[in-house]
1. Please work out which residue is nearest to Asp207 (Cα to Cα), limiting yourself to region 163-180 and to residues that are within 18 Å of the chain's Cα centre (by Cα) and surrounded by fewer than 18 Cβ atoms within 10 Å (Cβ to Cβ).
2. Only residues that are open to solvent by less than 40 Å² (accessible area, probe 1.4 Å) and over 10 Å from Leu113 (Cα atoms): list them for region 141-155, please.
3. Scan region 113-142 for residues that are out of contact with any strand residue (DSSP E or B) (no Cβ under 7 Å at 6 or more places or on another chain) and among the hydroxyl-bearing types (Ser, Thr, Tyr) and report the count.
4. Please find, among Glu90, Glu101, the residue that is part of a helix (DSSP H, G or I), open to solvent by 40 Å² or more (accessible area, probe 1.4 Å) and not aliphatic (A, V, I, L, M).
5. Considering every residue within region 121-140, establish whether at least one is open to solvent by 30 Å² or more (accessible area, probe 1.4 Å) and assigned to a helix (DSSP H, G or I).
6. Within region 181-191, how many residues turn out to be assigned to a helix (DSSP H, G or I) and surrounded by 15 or more Cβ atoms within 10 Å (Cβ to Cβ)?
7. Kindly indicate which of Gln41, Gln6 is polar (S, T, N, Q), free of Cβ contacts under 8 Å to residues at least 60 places away in the same chain and in a helix (DSSP H, G or I).
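The values are calculated or read from the model by the stated rules, or taken from the named source; none is laboratory data. Computed from a predicted model, the values in this text were never measured in an experiment. Backbone-built Cβ (ideal geometry, glycine too); neighbour counts: all protein chains shown. The area values use the complete protein model at the heavy-atom level, side chains included, leaving out ligands, DNA and RNA. Shrake-Rupley method; radii C 1.70, N 1.55, O 1.52, S 1.80 Å.
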Amino acid sequence: MKSYGQFCGLARAAEVLGERWSLIILRDLLVGPKRFNELRQGNPGIPSNLLTTRLRELEAAGILERSIDGRSVVYCLSDYGSGLGPVLIELGRWGSRRMLEAREGEIPTDSSLAAALLTSRTEAKVRAFKVEVTAGPAVAHAEVDESGVNVAEGADPTAQLFISGPGLRGLLADGDAETAVAVGTVSVDGDESLLTEFVRAFRAPLDDNNGNAAREK
């Protein structure tokens, strides 16, 4: 890793986290432990040799650990790496403030969608429920309790609320579920009464035209 030559905490962090794909790998491991192939398949843009390099670098830095599950190597955040959780969540919130529509060639992944649920959890206290969300090819689910959330990739047949459609990002931005459902940008199945809880539990505001965070409803 390249050194900035400065005795500074931020410089040290940038040396470890500033390499291409490092933050994305950590995002996926924040959602949950992964095998190499799961990391590779979840991020088709990263070459296998580069993924191997980044995993070795992050392991050498003490940020992630390896364990053996049967015949597979599983990667997870170390105790030291888990300290990055709040940082990654806040970075995700910051980045999403100017992210309404995907740019050409961009797609959501299961891990990025799960991370979006993690980063958009508000401090609102809501009744417990399970939700599955679908955005394009990506599927993720969350178990929400009074003040927190556990997220994971993929479907959850035990979910009580199912939300899908191209308007999911807009729904997280403004919380206007009634309009989103009425115009068809979001489809809802299951217990529709939980949609009110969902928009209270998850919010990712967008900046207004002046670059200020838009006021939440």
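1. So, considering only residues that are within 18 Å of the chain's Cα centre (by Cα) and surrounded by fewer than 18 Cβ atoms within 10 Å (Cβ to Cβ), the one nearest to Asp207 (Cα to Cα) is Pro166.
2. The answer is Ala142, Val144, Gly148, Val149.
3. Total satisfying the criteria: 1.
4. Answer to the check: Glu90.
5. no
6. Residues that pass the stated criteria total 1.
7. Gln41
Let's see how each residue does on (1) of a type outside the set (Asp, Glu); (2) in contact with a helix residue (DSSP H, G or I) (Cβ under 8 Å, 6 or more places away or on another chain); (3) within 22 Å of Leu117 (Cβ to Cβ):
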| position | (1), (2), (3) |
| --- | --- |
| Arg40 | yes, yes, no |
| Leu50 | yes, no, no |
| Thr53 | yes, no, no |
| Arg56 | yes, no, no |
| Asp69 | no, no, no |
| Ser78 | yes, no, no |
